[in-house]
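The values are calculated or read from the model by the stated rules, or taken from the named source; none is laboratory data. Everything numeric here is computed off the predicted structure, so don't read it as measured data. In this analysis, Cβ positions are derived from the backbone assuming ideal geometry, glycine residues included, and neighbour counts consider all displayed protein chains. When the accessible area is computed, the model is the full protein with side chains, heavy atoms only, and any ligands, DNA or RNA have been set aside. Shrake-Rupley method; radii C 1.70, N 1.55, O 1.52, S 1.80 Å.
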Amino acid sequence: MHPIIATLLLAAAIAPGLTVGSPSLINETCTATSNYGYCLGVLSADLAGASATDKRGLAIAAANITMRNVTSTVRVLTELVEELKLCIKYYQDMDDLVASAIDDLRVGRPAVTSFYKLHRASDEPGNCDIMLFEGSAHKNPVSSENMYNEAISKLTSDIVYQLVH
């Protein structure tokens, strides 16, 4: 017999004994969970899960996966909180500009002054959107609010523009 073929046959005979984990262990365990497909996918894709020899090993693998996900989520939330603090600053600036423009309109100052303030204010929601999009968290929980605030502030600016011209 050719040495390569002999080696392949020997490897094929030994390989099942070398397998540490068992697909049937994962299958059996996942069948008893609330989400079989998710369980099977997660544990099979994880080296520790795939090589577990008993349910305790699968539980440890699942717990470690959970810990990695929790740690990642805490990181994303921490980054998001910092980025939202910057959005708050943008909106505080917007609030100041709009309040000042309202005062200008009420006391009869030239409309052009209010127009420029309102026009600048309408940029702030977009600044928040861009910062959240480009930020570390890559999440924007205020997207619809930003769109509405930008639209209403541009509408106000457009109306005041008509006073100017």
Just to be sure I understand, how many residues within the range 127-155 are among the polar types (S, T, N, Q), part of a helix (DSSP H, G or I) and farther than 18 Å from Q92 by Cβ? 2
Assess whether L155 counts as being more than 30 Å from V74 (Cβ to Cβ), open to solvent by 50 Å² or more (accessible area, probe 1.4 Å) and free of Cβ contacts under 8 Å to residues at least 60 places away in the same chain. yes
Given the options N64, N146, N69, name the one that is without any contact (Cβ under 8 Å) to a residue 60 or more places away in the chain, out of contact with any helix residue (DSSP H, G or I) (no Cβ under 8 Å at 6 or more places or on another chain) and of a type outside the set (D, E). N69
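Among the residues in the range 79-91, are any hydrophobic (A, V, I, L, M, F, W, C), in contact (Cβ under 8 Å) with a residue 40 or more places away in the chain and not in a helix (DSSP H, G or I)? Walk me through how you get there before you give the answer.
As a first pass, look at the range 79-91 and keep what is hydrophobic (A, V, I, L, M, F, W, C): 80-81, 84, 86-88.
Subset that is in contact (Cβ under 8 Å) with a residue 40 or more places away in the chain: 80, 84, 86-87.
From what is left, the residues that are not in a helix (DSSP H, G or I) are none.
Scanning the range 79-91, I find no residue that is hydrophobic (A, V, I, L, M, F, W, C), in contact (Cβ under 8 Å) with a residue 40 or more places away in the chain and not in a helix (DSSP H, G or I), so the answer is no.
Can you name the residue in the range 72-100 that is open to solvent by less than 70 Å² (accessible area, probe 1.4 Å), closer than 14 Å to D123 by Cβ and of a type outside the set (V, I, T) and is also farthest from the chain's Cα centre (by Cα) among such residues? Break it down into steps so the answer makes sense when it comes.
Going through the range 72-100, the residues open to solvent by less than 70 Å² (accessible area, probe 1.4 Å) turn out to be 72, 76, 79-80, 83-84, 87, 90-91, 93-94, 97-100.
Retained after the next criterion (residues that are closer than 14 Å to D123 by Cβ): 87, 90-91, 93-94, 97-98.
Imposing the further condition that a residue be of a type outside the set (V, I, T) reduces the set to 87, 90-91, 93-94, 97.
Working: C87: 17, Y90: 21, Y91: 22, D93: 26, M94: 26, L97: 31 Å.
Ranking the qualifying residues of the range 72-100, first place goes to L97.
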Residue within the range 100-115 that is out of contact with any helix residue (DSSP H, G or I) (no Cβ under 6 Å at 6 or more places or on another chain), of a type outside the set (S, T, Y) and within 30 Å of V74 (Cα to Cα) present: no
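For the range 103-120, which positions are in a helix (DSSP H, G or I), free of Cβ contacts under 8 Å to residues at least 24 places away in the same chain and open to solvent by less than 90 Å² (accessible area, probe 1.4 Å)?
From the range 103-120, those in a helix (DSSP H, G or I) are 103-107, 111-120; that's our starting set.
Of the ones still in play, those that are also free of Cβ contacts under 8 Å to residues at least 24 places away in the same chain are 103-104, 106-107, 113, 116-117, 120.
Those that are in a helix (DSSP H, G or I), free of Cβ contacts under 8 Å to residues at least 24 places away in the same chain and open to solvent by less than 90 Å² (accessible area, probe 1.4 Å): D103, D104, T113, K117.
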Suppose we filter the range 21-41 for residues that are within 13 Å of I65 (Cβ to Cβ) and out of contact with any helix residue (DSSP H, G or I) (no Cβ under 6 Å at 6 or more places or on another chain); how many remain? 2
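Taking Y148, is it aromatic (F, W, Y) and crowded, with 18+ Cβ neighbours inside 10 Å? Lay out the reasoning, then the answer.
Details: aromatic (F, W, Y): yes; crowded, with 18+ Cβ neighbours inside 10 Å: no.
When the stated conditions are applied, Y148 does not pass them.
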So for the range 124-137 (the condition being more than 25 Å from the chain's Cα centre (by Cα) and either open to solvent by less than 50 Å² (accessible area, probe 1.4 Å) or of a type in the set (A, V, I, L, M) (or both)), does at least one residue qualify? no
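If we keep just the residues of the range 52-71 that are open to solvent by less than 50 Å² (accessible area, probe 1.4 Å) and either assigned to a helix (DSSP H, G or I) or at pLDDT below 95 (or both), which is farthest from I130 (Cα to Cα)? Step through it out loud before you land on a result.
Applying the first criterion (open to solvent by less than 50 Å² (accessible area, probe 1.4 Å)) to the range 52-71 yields 52, 57-58, 61-62, 65.
With either assigned to a helix (DSSP H, G or I) or at pLDDT below 95 (or both) added as a condition, the list becomes 57-58, 61-62, 65.
Values: G57: 44, L58: 42, A61: 38, A62: 36, I65: 32 Å.
Per the criteria, the residue is G57.
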